[in-house]
Amino acid sequence: MDKLRDLLRLNEDQFNPWYLLVLVLVAYAFAIGMRMLWVGYIGDNAESFWNGQIMINTNDGYFYAEGARDILAGGNQPYDLSPIGNPTSQLTAWLAKVLPFSFETIILYMPAWVGALIVVPVLLIGRALKQTWLGFGAALIAGIAWSYYNRTMTGYYDTDMLVIVLPTLVLWSLILGVSHHQNRYLLITTFTIILYGVWYPGSYSLNLGMAAMLLLYTLIFDRKNIFNYKLLIFMAIAVVMLPIMLKFTISILLLVTFYLLKERIDLKIVLGLLGASVVVLAITGGLGPIFAQLTAYVFRGETAADASGTLHYFNVVQTVREAGDIPFDTFANRISGHVVSFILATIGYILMVIRYPVMLIALPMVGLGFIAYTGGLRFTVYAVPAYALGISFLIFWIAQQVGSFAQEGRNRTLLWGGAAAFGTALVLIPNIKHITEYKVPTVFTAQEVQVLDTLGKKASREDYVLAWWDYGYPIRYYSDVKTLVDGGKHSGDVNFPVSFSLTFPQTQSVNMARLATEYTEKAYHNKTHHDYLKSMMEDYQETDPDIFLSRLEHKSFQLPEKTRDVYFYLPYRMMDIYQTVRLFSNLNLRTGAAYARPFIYESRSFKDTGEKILLGNGIEVDKRTNRIRIGQQEVSVNALYMTAYGPDGKLQVRRQLFDMSAPLSLIFMRSYNRFMVVDQQTLNSTYFQLFVLESYDPELFEPVILTPLAKVYKLNR
Ligand code: MG
């Protein structure tokens, strides 16, 4: 082992702090510059702009934007779910106050400028190991590595912008401390861990993982080193559940004590203090989150029914695509940009740990990144910094061997530098290629936002907008209203009424929408957040959910007192996810068993031969017999609906009725070039009636905004 470690030795550098600063700035500029490519690309599309600025490209961003907007406005409405206490929103609001840019500009560029800060801790880790150039190469790679870029690109406005920067700073503070044993570095650890905890409450387990690795490292390599135990004490103080100011005070007092008593503080005392801090950690409930997380992992996806007792809802985990397994090359690309670089980075990281055992402390971040392999793509970013350092280690070690072919002096430096630059460039190229090809659109188009903006001017802040959860955050940001569901509130029980209102006929839809709205407010007010449908059934003295839901079919159904208006937001883009929306209310509530899926077939490349309309996939409509052929089966067509926008911008709908008892209807949306075959239940759903056909019951609905991309109706009850 010692021989291998000797073989892996790299020449150490003695760097001037000014050079370090220049390298940080160069790496930072590179990371930002790469993030400007998307701006150039998306800037060509006028549909990406709102208020004179490009819109953001992540749905969740609108959540933090809503909070920041309300902080700046001086407050929010009760129960509107606006995150005014969220650190991302608070930082945004503060930046919007002190910087001379528009709010839209700040949320657009913040992820890029903040996320690119990853280059700082990565370079500093190199510097702490006296390998500043290695750190520089790693900083260039980490700054634009595939998944890290995706999660911190321009417009990807999310907490992600600091979620890797902060633990990497913690990692740096630990490596710095362990490598240099300076008491003053202890405070850097306290500070970075507290900062990380403020930004991301889930930071706890990663901190604990790094502490465990630090302990392991100490026990194996540096058992007698008193400093490492001090570092562990400061970590424990930083993560304990006590007020931040108190933790700072304790840390500073402790540090002063260490300085004053110097030699008299021996290993025994430090170990005693460490034991005491672990006890305090346990008493304040510090070990609870570990068990909570373990149970969450063990039982993930196993709960087919929500914990609601009698009613069984659809489990949202089943539709979140991210939670599935991912192929190896996708996983490798995400971390290193290429399968080859991933493998080399793995080898590099292992060699680096052999040469610098302190790099073991980065292992929990690598491990978290590897959870992605089964736990979902979003975790891969955690492995990026350690893997960038790993491959950089390999590159610089090889470069040193290459350099040794030349004589000491300028030639050797040139050869070494050239080889290192070449290797780093090879790793960067696939990542740069990814950036140039990753042309994600903005969440909404300007036309859609125009609808929400108009809606916001018509609706009051206390009104509710019923829409699928995907649109919850943007609706709240652009219209400043309330929503029933959103990107963070979409469990089976809360999705049920929304799914029901969108996919059932109009009378049932309206009754449910009114009930859901009033019961949501009531539950917030009474602080009894539980199953709304269950409370409704209790109040209406009904034990059978099917009977209760069928009672909603009547216009005479006695609704609770109306406290506010309710709007339906029906976008064209929901048509693509209609099947998913339907899943949440298309089930037996007593068993959780799903009913048969609705029949929806759509075609955008169809052909009219005169006698037949060919819809692809062997589906064809015989115009002479008005029958539709699907594979081997043939049924008659109920009706044909043809919709098109006239010169006046109004939707015109023509209906041809063929066979009232037939199970399928045809819809030809000429202006969208979309041909559909749907069953009668889908045809009669509120979404299809109101969005596709604009065929609303005026007793129930009143159109408010009708555009080709999104329609808004107001409830008339
Ligand atoms: Mg509000």
**Report entry** Whole-Å semi-axes of the stretch 515-605's equivalent ellipsoid (Cα gyration tensor)
**Finding:** 28, 19, 14
Query raised in the report: If the limit is 30 Å between Cα atoms, which of 3/130; 650/714; 623/711 go over it?
Result: 623/711
Report summary line: Subtracting the Cα-Cα distance of residue 47 and residue 412 from 0.36 nm times their residue separation yields 126.0 nm
**Report entry** Size of the stretch 64-179 as Cα extents on the principal axes (Å, biggest first)
**Finding:** 52, 26, 26
Report task. Just need the relative contact order of the stretch 446-583 here, percent rounded to a whole number, with Cα pairs under 8 Å and 6+ apart. Result -> 27
Query - 11 Å beta-carbon shell around residue 665, net charge (K/R +1, D/E -1) - result: -1
Query raised in the report: When the Debye formula is applied to the Cα atoms of the stretch 369-522, each taken as the same point scatterer, what base-10 log of I(q)/I(0) results at q = 0.09, 0.11, 0.15, 0.19 Å⁻¹?
Result: -0.58, -0.69, -0.92, -1.14
Query raised in the report: More than 27 Å apart: what percent of Cα pairs in the stretch 1-157 qualify?
Result: 40
Query raised in the report: For the stretch 651-717 and the stretch 172-249, what is the separation of their C-alpha centers, rounded to whole Å?
Result: 61
Query raised in the report: Where does the chain land on the Kirkwood hydrodynamic radius, alpha-carbon pairs, in angstrom?
Result: 29.0
Requested in this report: Run the quick spin-label model on residue 593 and residue 37: label points 7 Å from Cα toward the beta carbon, then report their separation in nm to one decimal.
Outcome: 5.3
**Report entry** Overall form of the stretch 446-583 per C-alpha gyration tensor (a/c, 1.5; a/b vs b/c)
**Finding:** prolate
Requested in this report: Give me the number: length gained by fully extending residue 661 to residue 605, i.e. 0.36 nm times residue separation minus the C-alpha to C-alpha distance, one decimal in nm.
Outcome: 17.3 nm
Report task. Using only Cα atoms, figure out Rg for the stretch 357-437 and give it as a multiple of 2.2 N^0.38 Å. Result -> 1.40
**Report entry** Two-decimal Rg to Rh for the stretch 104-149 - Kirkwood Rh, Cα set
**Finding:** 1.11
Report task. Classify the stretch 109-251 as rounded, prolate or oblate, taking a ≥ b ≥ c as the square roots of the eigenvalues of its Cα gyration tensor: rounded when a/c is under 1.5, otherwise prolate if a/b is larger than b/c and oblate if not. Result -> oblate
**Report entry** Reachable aspartates and glutamates from residue 612, criterion Cα separation under 19 angstrom, eight or more residues apart if same chain
**Finding:** 602, 620, 622, 634, 659
Query raised in the report: If you take the alpha carbon radius of gyration of the stretch 1-88 and divide it by 2.2 N^0.38 Å, what ratio comes out, to two decimals?
Result: 1.90
Query - Two-decimal log10 I(q)/I(0) for the stretch 430-494, as the Debye equation yields it once each C-alpha is a single scatterer, q = 0.13, 0.18, 0.27, 0.28 Å⁻¹ - result: -0.46, -0.69, -1.12, -1.17
Report summary line: Once both label points are put 7 Å beyond Cα along the C-beta direction, the residue 12-residue 433 separation in nm becomes 4.0
Query raised in the report: Of the cross-linked pairs 457/482; 489/527; 439/482, which ones have a Cα-Cα span greater than 20 Å in the structure shown?
Result: 439/482
Query raised in the report: Once you sort the root eigenvalues of the Cα gyration tensor of the stretch 600-715 as a ≥ b ≥ c, which label holds: rounded (a/c under 1.5), prolate (a/b larger than b/c) or oblate (the other case)?
Result: prolate
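Each reported figure results from applying straightforward, stated rules to the coordinates on display, with no laboratory input. Computed from a predicted structure; not experimentally measured. Reconstructed Cβ throughout: ideal geometry from the backbone, glycine too, with neighbour counts over all protein chains shown.
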